[in-house]
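Just so you know, all these numbers are worked out from the coordinates, no wet-lab data involved. Since the structure is predicted, the reported quantities are computational estimates derived from the model, not experimental observations. No Cβ is skipped: glycine too gets one built from the backbone with ideal geometry, and neighbour counts run over all protein chains shown.
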Amino acid sequence: AAIQMVNEFLDKDQMIVYTEGSNSPRNEAKANGYGNFKDIKLVVLMSQYSASASEIFAGAIQDWDRGLVIG
């Protein structure tokens, strides 16, 4: 769900998240470029209760300087 949500805000081929394990190859998720909200201003609010998908979302937004992450 996090990948589909953040995909709405990123340009094509921008990295969203990757996973890599000691016994598994690197698996990357990248934006497909079909997002509807790539040009709007964005603020993401986080708290000590934010976890999992919200951290993936906020991390990708912050990594690509796509919006302001607070919290």
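Take the Cβ-Cβ distance between GLU55 and TYR34 as r, set R0 to 22 Å, and report the resulting FRET efficiency rounded to the nearest 0.05.
0.40
What trypsin sites (Lys or Arg not before Pro) in the chain are in a loop by DSSP, with at most 12 other Cβ atoms within 10 Å of the Cβ? It would help to have the intermediate numbers written out before the result.
Values: sites: LYS12, ARG26, LYS30, LYS38, LYS41, ARG66; in loops: LYS12, LYS38, LYS41, ARG66.
Sites meeting the loop and neighbour criteria: LYS12, LYS41.
For the chain, which chymotrypsin sites (Phe, Trp or Tyr not before Pro) are in a loop by DSSP, counting at most 15 other Cβ atoms within 10 Å?
Answer by residue number: TYR34, PHE37, TYR49.
At 7 Å along Cα-to-Cβ for each site, give me the label-to-label distance between ARG26 and ASP65 in nm.
Placing both labels 7 Å along Cα→Cβ, they lie 2.3 nm apart.
Grab the other residues whose beta carbon is less than 13 angstrom from that of LYS30, score K and R as +1, D and E as -1, and report the net.
Values: positive: LYS12, ARG26; negative: ASP11, ASP13, GLU28, ASP63.
Computed value for this residue: -2.
Largest first and to the nearest Å, give the Cα extent of the chain along each principal axis.
Its Cα atoms span 39, 31, 19 Å along the three principal axes.
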